[in-house]
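Right, one structure below, let's go through it.
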Amino acid sequence: MDNKMTLSFISKSSNEGFARAAVAAFATQLDPTLEDLADIKTAVSEAVTNAIVHGYGHPNGIITVSCVLSGKSITITVHDEGRGILNVQQAMQPLFTQSEDTERSGMGFTVMEAFMDSITVDSTIGQGTIVTLTKKINNDIMAP
């Protein structure tokens, strides 16, 4: 049977660390490697940060993170009800950003893709964005 977890929090940047720790703790049920956990935490950080910075841009929005453990896989969704993304394909291109903040590199989706097995992005202007991240945990020990 699948196991599920959902948490919601306001779009304050200080909650990004909470989200990554909560998802990592939940994922430990799959007995992942430390590298797998680091990958998951990095991808969650990027998705939550995108929701905070680009989805809302203020600390009054709600971000919902849901996880499903199924077999040896974890599926994580990060959902905001913020501005939405006008052109998802363009936003997923490396170095693309519409942020005026010079600290933003436009690499969030690229990082998520690098650390997860799959990523999908569904977005509607004025209604928000759902980022779905999936990672298979291959914890089979191979004999020498």
message = Against the condition within 12 Å of THR129 (Cα to Cα) and either at pLDDT below 95 or not polar (S, T, N, Q) (or both), how does GLY82 come out, does it pass?
response = yes
request  = Tally the residues that are in contact with a strand residue (DSSP E or B) (Cβ under 6 Å, 6 or more places away or on another chain), open to solvent by 10 Å² or more (accessible area, probe 1.4 Å) and farther than 21 Å from GLY126 by Cβ, restricting the search to the range 40-68.
outcome  = 2
request  = Go through the range 19-36 and count every residue that is open to solvent by 30 Å² or more (accessible area, probe 1.4 Å), under 18 Å from MET112 (Cα atoms) and without any contact (Cβ under 8 Å) to a residue 24 or more places away in the chain.
outcome  = 3
ask   = So which of GLY61, GLY84, GLY55 is out of contact with any Phe, Trp or Tyr (no Cβ under 8 Å at 6 or more places or on another chain) and at positive phi?
value = GLY84
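The values are calculated or read from the model by the stated rules, or taken from the named source; none is laboratory data. No experiment lies behind these values; they were computed from the predicted model shown. Please note: Cβ atoms are built from the backbone with ideal geometry, for glycine as well, and neighbour counts cover all protein chains shown. To get the accessible areas, we keep the full protein, side chains included, count just its heavy atoms, and leave off ligands, DNA and RNA. Shrake-Rupley method; radii C 1.70, N 1.55, O 1.52, S 1.80 Å.
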